[in-house]
1. Taking only segment 453-480 into account, find how many residues are aliphatic (A, V, I, L, M), surrounded by 17 or more Cβ atoms within 10 Å (Cβ to Cβ) and under 13 Å from residue 393 (Cβ atoms).
2. Scan segment 318-329 for residues that are more than 14 Å from residue 270 (Cα to Cα) and buried (at least 24 other Cβ atoms within 10 Å of the Cβ) and report the count.
3. Restricting attention to segment 311-325, which residues are outside any loop (DSSP other than H, G, I, E, B) and within 18 Å of residue 281 (Cβ to Cβ)?
4. Residues in segment 146-158: is at least one more than 30 Å from residue 65 (Cα to Cα) and either touching a Gly at 6+ places or on another chain (Cβ under 9 Å) or modelled with pLDDT of 95 or more (or both)?
5. Just to be sure I understand, how many residues within segment 45-67 are outside any strand (DSSP E or B) and in contact (Cβ under 8 Å) with a residue 40 or more places away in the chain?
6. Filter segment 68-123 down to the residues that are touching a strand residue (DSSP E or B) at 6+ places or on another chain (Cβ under 6 Å), free of Cβ contacts under 8 Å to residues at least 60 places away in the same chain and among the acidic types (Asp, Glu), then identify the one that is farthest from residue 341 (Cα to Cα).
7. Among the residues of segment 326-363, write down those that are acidic (Asp, Glu) and either assigned to a strand (DSSP E or B) or farther than 15 Å from residue 42 by Cβ (or both).
8. Please indicate, with yes or no, whether at least one residue in segment 152-168 is among the β-branched types (Val, Ile, Thr), within 22 Å of residue 62 (Cα to Cα) and touching a Phe, Trp or Tyr at 6+ places or on another chain (Cβ under 9 Å).
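The values are calculated or read from the model by the stated rules, or taken from the named source; none is laboratory data. What you are looking at is a predicted structure, and each value in this text was computed from that prediction instead of being measured. A quick note on method: Cβ atoms are made from the backbone with ideal geometry, for glycine too, and the neighbour counts reach across all protein chains shown.
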Amino acid sequence: MRAKLALALLSLVLCAWMPTGPVGTTQVPDDPAGAWEPGLNCTGRVDLPLIQNAIETKWSPDNKTLAITAGQRTPSTTSPVGWKEDEVIYTVDVRTGSLSPVGFGIRPEWSGTGTYLSYWPRDQDLRVLRGGKVEAKLLMSIPEVRWVGDKLLYIYKRDIREWSNGETRTVARFDKDFEPAYPLDDVYWSADGTRFTMTRYSYDGTIERYMGKTATAEVDLIDAPNATYTEWSPTGNTLLVRYPNKLELIGPDGATQSTPLSRFSGAIASWTADGRSLLVGRIASTIPAGDAFEKFAVWGGAQAQAVATLPNLIGARTFSPDGRYFIGLSRERLDTTRLELYRCGTWSDDEWNLRGDPEAAARLGLIDGDELRFVRPAAGDVAQFLQYSHTGIDIAAPVGSIIVAADGGTVTKVGWQGVGGNGVCMSHGGGLETCYFHTSATLVNVGQRVVRGQPIALVGMTGVTTGPHVHWEAHLFGQLIDPLAR
């Protein structure tokens, strides 16, 4: 009964939050076989219904449905600004635009066949859904899970467990010295579930990175003392290791290849859909985002193209599993985003191959016409305000999410900042400074001039933190001020 009431409440919230009126068609083509040639030029914008403030987006295996975590604003009597933001999950059919509520929570994940959808209601048991109904509630101690087919891998204390068709078994047990304890330990599985990484954070800035085998739970230290960020490929089990000055790939057989970041136009890196290559380059600005296309060099495995063309979107910049679509976020206002979908490759109808956003100029006008100046630095929800002893705004977002400069300025500090972990600080002139803490990788250098909306770092979990987020501070002549009011 409580679950039905919660779902009914979520339906009411979504109805009030999403725009009224018909959503129309999305114009996502169901082309017959042979009418599409794969490629890395993603330049044909799709007319999606308005989907605001997406934080996470996960494609179903059949490329037809998105599971979305979004930030939803509601009135609050305890917040210093009169509102709060909660994380809600729903699914959207990209062909019809129809929306279906799932629940309050984060980290939606599809099973390999799309039969199941799991998600994590914060501070509660993991939920496994089938056809919208709860199939299982599972105790877990690490929020990351991995579906391998319709079998679900997850961690509870020292156990790696597997749930399948209503049954749970223990796959392996960690040595007591390596029992993961979130958030000081953070675990991510490879796409095929055979391996995992464990990042062990310390409050003094020391980070140890391990790679383990799922079948045995045995871990080995990764020889990467200066690494800032790791990420598994979307297929198979190749690991990206990012350093301040280079990128490295560790293959399934342990073989490595690396390249200096200086050879690329920028330090933004994202995987191709097949997981064989990285697209590396620069995003100049994201104001309003979705108004320009950027060139990215292809590095790693061989592809038919040496250069990719992608829209300058923020947020979860990912391909659909078949590589036909690329998704990300554009800005509607200083603190509001909308989901964008672009077609990739060459389609049978030329109209689908090059189509920009006709509303980009209007969106830019709304942003520039606002009485405030700062843009929200990450695509996430406000988890904590400038209140009591808390010195800034916490914006919760997945590890690896892009952090941008709230306004133009000059980078003044980069590196370890004590309890704030790794961070970036900027001077905007007139005694105004902003800082962005708990970062993983840094994308800028001290003395560098950046523009409003330019990527400067990636979200991490360094320093004293309860989960991945960016702690955003602002000072005016050394005194704390609320960045939401600038």
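1. First, the residues of segment 453-480 that are aliphatic (A, V, I, L, M): 456-459, 461, 464, 470, 474, 476, 480.
In the following step, the residues that additionally are surrounded by 17 or more Cβ atoms within 10 Å (Cβ to Cβ) were identified as 456-459, 461, 470, 474.
Next, from what is left, pick out any that are under 13 Å from residue 393 (Cβ atoms): 470, 474.
Total meeting the criteria: 2.
2. Qualifying residue count for the region: 1.
3. Quick first cut of segment 311-325, residues outside any loop (DSSP other than H, G, I, E, B) only: 311, 314-319, 325.
Those that are outside any loop (DSSP other than H, G, I, E, B) and within 18 Å of residue 281 (Cβ to Cβ): 311, 314, 315, 316, 317, 318, 319.
4. Applying the first criterion (more than 30 Å from residue 65 (Cα to Cα)) to segment 146-158 yields 157-158.
Filter once more, so that each one left must be either touching a Gly at 6+ places or on another chain (Cβ under 9 Å) or modelled with pLDDT of 95 or more (or both): 157-158.
Yes, the conditions are met somewhere in segment 146-158.
5. First, the residues of segment 45-67 that are outside any strand (DSSP E or B): 47-51, 53, 60-64.
In the following step, the residues that additionally are in contact (Cβ under 8 Å) with a residue 40 or more places away in the chain were identified as 48-51, 53, 60-63.
Matching residues across segment 45-67 total 9.
6. In this case the residue turns out to be 109.
7. Let us first name the residues in segment 326-363 that are acidic (Asp, Glu), namely 332, 335, 340, 349-351, 357, 359.
Selection gives 332, 335, 340, 349, 350, 351, 359.
8. No, every residue in segment 152-168 fails to be among the β-branched types (Val, Ile, Thr), within 22 Å of residue 62 (Cα to Cα) and touching a Phe, Trp or Tyr at 6+ places or on another chain (Cβ under 9 Å).
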